[in-house]
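One structure is given here, and the rest of the page talks about it.
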Amino acid sequence: MKTLSVLKWVPPFARGSVKEFRVRWALEEAGLPYEERVLTPEDQDAASYRAVQPFGQVPVLEEEGFAMFESGAIVLAIAEKSEALMPRDEEGRARTMQWMFAALTSVQPAVAEVAALDFFYPEEEWAKLRRPGAEEFLMRRLGQVSGRLEGREWLEDRFTAGDLMMVTVLRDLRHRDFIAKMPVLDQYVKRAEARPAFKKALAGHMALYAEAAKAEAAE
Ligand SMILES: N[C@@H](CCC(=O)N[C@@H](CS)C(=O)NCC(=O)O)C(=O)O
């Protein structure tokens, strides 16, 4: 059985965005069962955990003594084993990987910068100065992804792990209206979120924080 490391608690803004979520979604798309290993901060710092995840982060996916970290690498390893996430032919595999890397290296940094300014530095003077440039660059990137999706359901001719990765990146903007204002991207994200595997994975992920959310609502 596969074991996925997850965080016992994260702040509300991070729920639905923790990087283990994309692995869960991939496992659900592939129809592969898994168990959770719920980590406290102490568990993250333990030498045994650092031995498999040097940064003490999630996700780690482990099976039969083999543990792997980095969400992109893990999703790729799952996709290698599942046609649901990646076509079997060479060109289809290459195109899937190309979009996975594009999501992680061409789009995620632009999204992460704006999200970090919003969540971590909302009032700082330097952040106020940086925000217009960061948002302009993000809009350019989003426009480019939207352009690719014009007239298409998915980035290629079917859903792949490239879409899974792109959508998890785009969803990190759900606290703002960038995506809502771009109908092609908005429909793309909604189409992905309507997939049964996405819904099941998100429900599993959010269940971790249900108790905390209840307590916060009562405050
Ligand atoms: N590049 C890594 C990033 C993983 C990452 O940022 N994990 C965060 C949660 S989203 C984490 O574990 N944070 C806790 C910490 O750093 O202590 C990946 O994609 O797997």
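Which residues does the label zone of E63 cover in the range 198-212, counting backbone N under 18 Å from a point 7 Å along Cα→Cβ?
Flagged as within label range: 201.
Explain nothing, just the number: dipole magnitude of the range 47-187 about its Cα centre with +1 on each Lys and Arg Cβ and -1 on each Asp and Glu Cβ, in debye rounded to the nearest 20.
Approximately 300 debye in magnitude.
Could you work out Rg/(2.2 N^0.38 Å) for the range 90-195, with Rg from alpha carbons only?
Here the Cα radius of gyration is 1.11 times the empirical estimate.
Give the lysines whose C-alpha is closer than 17 Å to that of K81, dropping any in the same chain fewer than 8 places away, or say none.
Partners found: K2.
Once R0 is set to 30 Å, what does the formula 1/(1 + (r/R0)^6) return for the Cβ-Cβ distance between K128 and E219, expressed as a FRET efficiency to the nearest 0.05?
Computed FRET efficiency for K128 and E219 comes out at 0.50.
Send over a whole-number figure in Å² for the accessible area per residue of the range 90-195, probe 1.4 Å.
Per residue, the range 90-195 has 51 Å² of solvent-accessible surface.
Would you mind giving the three semi-axes, in whole Å and largest first, of the ellipsoid equivalent to the range 110-172 according to its Cα gyration tensor?
So the three semi-axes of the range 110-172 are 29, 13, 6 Å.
Could you let me know the centre-to-centre spacing of the range 152-219 and the range 119-144, using Cα atoms, in angstrom?
22
Cross-link partners among lysines for K8, C-alpha distance below 22 Å, same-chain residues fewer than 8 apart left out?
Within the straight-line limit of under 22 Å, K8 reaches these lysines: K19, K199, K200, K214.
Towards the positive end of the charge dipole of the chain, with charges on Cβ (+1 Lys, Arg; -1 Asp, Glu), say which of F55, Q108, G72 has the farthest Cα.
After comparing all options, I get Q108.
How about K128: which lysines have a C-alpha closer than 26 Å to its C-alpha, ignoring those fewer than 8 places off in the same chain?
Cα-Cα hits under 26 Å: K181.
Pop the C-beta distance of E83 and E150 into the FRET formula with R0 = 25 Å and round what comes out to the nearest 0.05.
Once the sixth-power term is evaluated, E becomes 0.40.
Taking the highest mean first, how do the peptides 49-55, 107-113, 158-164 order by number of other beta carbon atoms within 10 angstrom per residue?
Going from most to least packed, we get 158-164, 107-113, 49-55.
In 10 Å bins starting at zero, report the fraction of Cα pairs in the chain per bin as a rounded %.
8, 31, 36, 21, 4, 0
The values are calculated or read from the model by the stated rules, or taken from the named source; none is laboratory data. It should be emphasised that the depicted structure is a prediction, and the values quoted were computed from it without experimental measurement. Every residue, glycine as well, gets a Cβ built from its backbone with ideal geometry; the counts of neighbours run over all protein chains shown. All accessible areas refer to the heavy atoms of the entire protein, side chains included, with ligands and DNA or RNA removed. Shrake-Rupley method; radii C 1.70, N 1.55, O 1.52, S 1.80 Å.
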